[in-house]
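Asker: Pasting a structure below so you can have a look.
Bear in mind that the values in this text are calculations on the coordinates, not laboratory data. These numbers were taken from a predicted model, which means no experiment stands behind them. Don't worry about glycine lacking a Cβ; one is built from the backbone with ideal geometry, like all the others, and counts go over all protein chains shown.
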Ligand code: SDX
């Protein structure tokens, strides 16, 4: 009989707390009664050991390098599904029937346009602005165009709107930054192809979508679609727990993702590789710096809070990298440097002892670059991919029987009570 509680002594009293066991046998101590029974709270900076919720969306086993969306292995979804089918799976819990997928694709296609007033929004942004804050602001601005979704039908419509309009917002933020006119979406193109069209077509020249590029982009979106309670998803849940509306929650998620320790790492990886190439191309010299505590250099795209073995997404992307560079060209010099960095790091005690392996960001930037995506847009594409995951997690949180506003506690270390000096 599996143990169903833990017991300990505190202040001379026995304390018994129940255990919660997941379907993959992850086990947690349920501390909901801890403070009421003992006056104690827990302390866990960075929440490395703290479960914020019970979820049925994504399963990760960091020690074995396992990632599954609703039970389906990421390797099989990457090989045999499409981004919109995976988005439906994450949000609604099951793979769509052919009728459901056809209807979802049609609805997404028909909601890709933005309200014409959005052009004034983009025009107000400085051209030098990084597209991530522009996208975060634009998604939040959707709140001003559409009513707060409350019924299931309204929420379903908002989900379609967000998934449909995110590529348009992303492409418009890019076009604005290079001073080119925005390109309207086309209803005759698939999701990834439409984004590429809006990014690279101009009124003077049609953009012929390369099927390999479109399929590779769809694969990248699938691989980024969800990752359980990461920083940006936890942000979406935190903001959503106050009953802020879906657009505001997604906007907060975009802002959290931008951080260089999180989704911003894919851009930092390319900048790191280009810096190594520009200096002396020595991966070994850079790794010495990355291990030096007195040096700010970090091996970007390496290490992970959960994966203590190879990130399965990095495995898929490393293989895709070779295919894409072989088929459509791209910087083999940067790929050679990346592979050398990986080879040396994976045999170096510093990285081995700390179980630091390539994560999703290590190879993704090389592929984005080979697809012609500008480096400032890498994290925007991460956000486009993660959008269905954020939505699915937000929906699960709102429907959670344990739903309540998130309000962590603290251990106060400030001054004890003291009188205000007499004036
Ligand atoms: C993503 O959570 C998710 O699921 C995120 C994500 C998703 O899909 O949502 O997977 C996407 O964000 C991937 C991670 C992208 N970030 C990077 O590649 C940035 C580089 N990596 C690190 O900064 C770091 O590894 C983190 C942020 C990813 C994880 O940080 P942790 O878990 O807080 O680990 P840590 O910083 O405490 O590091 C433990 C040790 C430290 O050394 P010691 O103090 O023990 O001596 O490992 C060292 C760190 O200095 N270390 C690194 C390193 N990463 C960790 N040293 C050199 N280079 C690195 N990349």
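Asker: With a point put 7 Å past each Cα toward its Cβ, work out how far residue 411 is from residue 376 in nm, to one decimal.
Answerer: According to this spin-label approximation, the distance is 4.4 nm.
Asker: On to the next question. Could you work out the relative contact order of the chain, using alpha carbon pairs under 8 angstrom and six or more residues apart, expressed as a whole percent?
Answerer: On the way: 566 pairs, mean separation 81.7, N = 423.
Relative contact order of the chain: 19 percent.
Asker: Per-residue ellipticity at 222 nm for the chain, helices alone: DSSP H runs ≥ 4 residues times -39500 (n - 2.57), over residue total, nearest 500 deg cm²/dmol? Don't skip to the answer; put the middle values down first.
Answerer: On the way: 18 runs with 218 residues, N = 423.
Value at 222 nm, helices only, nearest 500: -16000 deg cm²/dmol.
Asker: When DSSP assigns beta bridges and you keep just the ones with both residues in segment 5-66, what percent turn out antiparallel, to the nearest 5? List each step's numbers first, then the result.
Answerer: Working: 10 of 10 bridges.
Roughly 100 percent of the DSSP beta bridges within segment 5-66 come out antiparallel.
Asker: By count of other Cβ within 10 Å, fewest leading, how are 168, 379 ordered?
Answerer: Numbers: 168 22, 379 28.
The fewest-first ordering by Cβ neighbours comes to 168, 379.
Asker: Could you calculate the contour length gain from residue 305 to residue 398, that is, 0.36 nm times the residue separation minus the distance between their Cα atoms, to one decimal place in nm? Don't skip to the end; give the middle numbers.
Answerer: Numbers: separation 93, 0.36 × 93 = 33.48 nm, distance 2.61 nm.
That works out to 30.9 nm of additional length.
Asker: Residues in segment 125-147, backbone N under 20 Å from the label point at residue 53 (7 Å along the Cα-to-beta-carbon vector): list them, ranges by number please.
Answerer: Those under the cut-off are 140.
Asker: Among 329-339, 412-422, 27-37, how do they line up by average Cβ neighbours within 10 Å per residue, starting with the highest?
Answerer: Details: 329-339: 17.5, 412-422: 5.1, 27-37: 12.9.
For the peptides 329-339, 412-422, 27-37, the packing ranking is 329-339, 27-37, 412-422.
Asker: Taking a ≥ b ≥ c as the square roots of the Cα gyration tensor eigenvalues, with a/c under 1.5 meaning rounded and otherwise prolate when a/b beats b/c, else oblate, which class fits segment 5-66?
Answerer: Working: a/c = 2.53, a/b = 2.03, b/c = 1.25.
It is prolate, given that a/c is not under 1.5 and a/b is the larger ratio.
Asker: Then there's this: For segment 230-335, evaluate the Debye formula with one uniform point scatterer on each Cα (no solvent term) and list log10 I(q)/I(0) at q = 0.18, 0.23 Å⁻¹, rounded to two decimals.
Answerer: -1.04, -1.26
Asker: State the Kirkwood hydrodynamic radius of the chain in Å, one decimal place, computed from all pairs of distinct Cα atoms.
Answerer: Values: mean 1/r = 0.0429 Å⁻¹.
With all distinct Cα pairs of the chain included, I get 23.3 Å.
Asker: While we're here: Post the alpha-carbon centroid distance, segment 322-383 to segment 1-62, in whole angstrom.
Answerer: A separation of 37 Å, based on Cα centres.
Asker: Please give the peptides 115-125, 55-65, 229-239 ranked by average Cβ packing (other Cβ atoms within 10 Å per residue), highest first, as a rough proxy for protection. Walk me through the intermediate numbers first.
Answerer: Values: 115-125: 13.3, 55-65: 16.9, 229-239: 21.9.
The most tightly packed comes first, giving 229-239, 55-65, 115-125.
Asker: A further question follows. Sticking with the crude label model, points 7 Å out along Cα→Cβ, report the distance from residue 151 to residue 95 in nm, one decimal please.
Answerer: With each label placed 7 Å out from Cα toward Cβ, I get 3.3 nm.
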